[in-house]
Amino acid sequence: MDLAEHWPSWRLIGCTLVFTLGFGPIAAVGKSSHSSLVVDPNARGAPQVTRLYEARGQNIVGYPLNKDGLPSRRPDWELDGGLRGAVWVGFDGAGYLYVSDSVLNQVRIYSPGASGDAAPAQVVQLPDGGPHGAGGCAMAVNKAGYIFATVIIDGFSCSTTVLIYAPVTEQPATWLPQPIHTISMPMQPYLQDMVVDSSGRLYLTGGRAIFIYDDPINDWQAPSQTVLPTGTEYSIFPPIAVDSDNNDVYFQTQLRCCRPWQNVDAHAARSLSGVGRDRITESLNCDDDGESPNQYSLAVNRNWLMYVCEDPNVLFVSHNRPGHQEAVEKLPGGYGLLLWP
């Protein structure tokens, strides 16, 4: 199986989510579950606890982590907030929540501590993606509140044009944000994932390579460095993630194995210091039906890999260590993941 033949896989977001949200398997991950959650109405001023946040179409949920960093099996926080197609989630340094909505074609920003049916404090209306494009797609936010956003094009994937918006939370609600810069990701027809790390570096990928912008606000014209496959890695595939403890970058890959037409699916972790080989974890459980092991999103901490599969649409959790790792948790699937703070 050659995974490259099956990317991009965001067609479910560009097509199925836009036109059929509310029916079938996507409805199952998009429905509200207020009855099963306990939301503290006074949580606005409470200290933030680290959660794994997951975009599920019509809502965002947050799973608390135990002292080992393992997500709970039940979310303890939820936001509906008028969402219809939530696919990516982010936070700024002040705790504002940002959601890219593929149905509303917006980035919706919610005040710190918002939950339940809270209305957004600000909305960024995204541009039209063209004759076959509609809706927000990949998105990231840095600590200062700069937004990096893309829109769906060709009906199924994210544009390689990244729109950069200045912070909006201090602007009046009537203000209409406009991009201050645009980044054009090189070499790829579609963008599949983007991440901002704690120092503000921006990571973009459409597969085959990861492009890193050390200062995307002031030096956006070209990547500062490029991550390419090494050793037995067949290629680099989305999704990607950055470990906040050491800034190692993680990505999905296939390993050349056994015979030329046989590959082993895995995650790889690379130190950007250039010291040591990539750490390889064989941990994919995305191909129960024999098809491609496509993943929507990835989040990592020191002990755990957390990733959402397309089919079956499940959030898997496995150990973050070399070698073959079976999933230790299987949670309801959605789309984008984020560990915060």
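The values are calculated or read from the model by the stated rules, or taken from the named source; none is laboratory data. Just so you know, these numbers come straight off a predicted model, no measurement behind them. All Cβ positions, even for glycine, are placed from backbone atoms using ideal geometry, and neighbour counts span all protein chains on display.
So, Thr226, is that one polar (S, T, N, Q) and in a strand (DSSP E or B) or not? Step through it out loud before you land on a result.
Values: polar (S, T, N, Q): yes; in a strand (DSSP E or B): yes.
The answer is yes for Thr226.
For first residues located in region 216-233 and in contact (Cβ under 8 Å) with a residue 24 or more places away in the chain and of a type in the set (A, V, I, L, M, F, W, C), partners that are assigned to a loop (DSSP other than H, G, I, E, B) and crowded, with 20+ Cβ neighbours inside 10 Å and lie 6+ apart or on another chain with Cβ distances below 7 Å form the pairs Ile217/Tyr146.
Kindly indicate the residue of region 229-251 that is β-branched (Val, Ile, Thr) and assigned to a strand (DSSP E or B) and also modelled with the lowest pLDDT among those meeting that condition. Filtering first and then ranking leaves Ile236.
Do any residues in region 133-145 that are more than 17 Å from Leu339 (Cα to Cα) and in a loop (DSSP other than H, G, I, E, B) have Cβ atoms under 8 Å from those of residues that are of a type in the set (D, E, K, R) and modelled with pLDDT under 95, where the two are at least six apart or on different chains, and which pairs are they? The qualifying pairs are Gly133/Asp154; Ala134/Asp128.
I'm checking my understanding of the structure. Among residues of region 148-163 that are aliphatic (A, V, I, L, M) and under 20 Å from Gly57 (Cα atoms), which one is modelled with the highest pLDDT? Explain how you work it out, then say what you get.
Step one: filter region 148-163 for residues aliphatic (A, V, I, L, M), giving 149, 151-153, 162-163.
Subset that is under 20 Å from Gly57 (Cα atoms): 149, 151-153.
On the way: Ala149: 98, Val151: 95, Ile152: 93, Ile153: 90.
Step by step, filter region 148-163, then rank; the result is Ala149.
From Gln254, Gln188, Gln171, Gln262, which residue is at pLDDT below 95, touching a Ser or Thr at 6+ places or on another chain (Cβ under 9 Å) and farther than 28 Å from Gly69 by Cβ? Working first, answer last.
Details: Gln254 fails: farther than 28 Å from Gly69 by Cβ; Gln171 fails: touching a Ser or Thr at 6+ places or on another chain (Cβ under 9 Å); Gln262 fails: touching a Ser or Thr at 6+ places or on another chain (Cβ under 9 Å).
Checking each option against the conditions leaves just Gln188.
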